[in-house]
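We did not get these values from a lab; they are worked out from the coordinates using the rules stated. Computed from a predicted structure; not experimentally measured. Reconstructed Cβ throughout: ideal geometry from the backbone, glycine too, with neighbour counts over all protein chains shown.
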Amino acid sequence: MARNLDAKCRQCRREGDKLFLKGEKCFTDKCSIERRSYAPGQHGQKSGQRLSGYGQQLREKQKIRRIYGVLERQFRKTFAAAEQKKGQTGENLLQLLESRLDSIAFRMGFGASRAEARQLVRHNGILVNGKRVNIPSYGVRPGDVVQLTEAARGQLRTKAALEAADSRGFPEWLEVNAKDGRGVFKAFPAREELPSSLNEGLVVELYSR
């Protein structure tokens, strides 16, 4: 399966924003954005030039893709599905990305990052409504119960991720029992419940060209 193998901290610095790709490190002063907020590379500190409208749209698309760990082809497919749904395309896009199984597993604290949660899904560590699902892009629906397998719940890494997520709190659209490693996807998140740093409107404009 194709993956983005770029160094995660470099991706954050390229977008000039925290993408939370490295788990707990992103919440400490060791975060690369905290230490070096300029773009990576030899000319990173000189790259403050003003972007064109197209450049801004492209950067926003890349940022959202990197946050959710989705490659270009998958992203286009998700965008096409968002266009077919009722409502605003940009909000639909974010809701579809958030309802991916790997993203739900991350939000429930089963992994310290989306990459870690995705690996847990692929390694058969997640059950959806009692059935094993190992497809990271699987679309979780409101009312679905997502939980860790017994083996996954016993892993030290998973326990640490759950404890850290529980201490920070969980999104309103999820109901999580950290002790049991189990949660319910209550509803698709409203736009105001998602990060305000995302500008999905620019992505809609990009694909409308």
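All other residues whose Cβ lies under 13 angstrom from that of Lys186 are scored, Lys and Arg at +1 and Asp and Glu at -1, for a net of -3. Please label the shape of segment 101-185 as rounded, prolate or oblate, based on the square roots a ≥ b ≥ c of the eigenvalues of the alpha-carbon gyration tensor (a/c under 1.5 means rounded; beyond that, a/b larger than b/c means prolate, else oblate). In terms of gyration-tensor shape, rounded. Put in order of Cβ neighbour count within 10 Å, fewest first, the listed residues Glu91, Glu172 become Glu172, Glu91. Charge dipole of segment 81-209 (Cα centre as origin; +1 on each Lys and Arg Cβ, -1 on each Asp and Glu Cβ, all else neutral): 460 debye, rounded to the nearest 20.
For Arg141, what charge total do you get from the other residues with a beta carbon under 14 Å from its beta carbon, if Lys and Arg give +1 and Asp and Glu give -1? Summing Lys and Arg as +1 and Asp and Glu as -1 gives +2. Which of the pairs Lys131/Lys186; Lys86/Lys186; Lys77/Lys159; Lys61/Lys131; Lys63/Lys159; Lys63/Lys131 have their Cα atoms more than 25 Å apart in this structure? Listed pairs above 25 Å: Lys77/Lys159; Lys61/Lys131; Lys63/Lys159; Lys63/Lys131.
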